[in-house]
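Student: Right, I'll just put the structure down here and ask away after.
Each reported figure results from applying straightforward, stated rules to the coordinates on display, with no laboratory input. This is a predicted model, so every value here is computed, not measured. Here the Cβ positions follow ideal geometry from the backbone for every residue, glycine too, while neighbour counts run over all protein chains shown.
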Amino acid sequence: MTDNHTGHHRQAARPGSALSRARSLPPWGLLAAGALIGGLAGGTYGVLTPATYTATSYVVVVPTQKADPAAALGFAQAYGRVATQVAVLGDAQVWAGVPVATLQESVRTATSPDAPMVSVTATSSRPDLAADMANAVSRSLTRHANDTKSSTHVELLPFSRAVKPAEPSSASPAVTGLVGTAAGGLLGGLALLVRPRRTTDDTARAASVPSPAVAADAHGQL
């Protein structure tokens, strides 16, 4: 039993074990490794991901002489919800030159609670196509809204056309690399907090382990 007990202590204090290697790492090693790996991953993601361009057009709801000016705000909210419906996108696909499914995935609308205005935003990997899709949906929405202006007593007018964006709206590889570096450093810091540390008991136990020669003599005496 004495031999097995001694072997157990010798195994626990083995210098080449994974626990010993984790404890022997310098505190800054985990932070540096995490930041380096995160930066490389973020930069690679930014390089491999295609750039995205965004273009926005605006239309405004104007009341006619028979309408209450306050009604324009309510109709703007309604037109913002129906702008991405198939009835509107069916005509827009002809002017944009893309399928309806592409418009449904790439076009978003937004309204303001303070102004009777609808914004139509389109995203694409091509800057010219982003502008074409936004303008096509705005044009189709305006046409459908004005077909019923005799009953709604409001008119939808173009306010601002979408222009071809000069710069991508997606993050550049430098930005994604910085984000990855920050995230990797954070994970490295968390790993540093949960890293096993050498305690006083471990040091005392390692010092009390007899050498192989002493252990052999003790075993022979027994």
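Student: Amide H to amide H, which residues 5 or more places from residue 163 or on other chains are under 5 Å from it, using H placed in the peptide plane?
Tutor: Here 56 satisfy the definition.
Student: Would you tally the net charge around residue 56, using a Cβ to Cβ cut-off of less than 11 Å, leaving residue 56 out, and scoring K and R as +1, D and E as -1? List each step's numbers first, then the result.
Tutor: On the way: positive: 108, 161; negative: none.
Local charge sum for residue 56: +2.
Student: In a shell of Cβ-Cβ distance under 15 Å around residue 157, excluding residue 157 itself, what net charge do Lys and Arg (+1) and Asp and Glu (-1) give? Let's see the in-between values first.
Tutor: On the way: positive: 139, 143, 149, 161; negative: 147, 155.
Around residue 157, the surrounding residues sum to +2.
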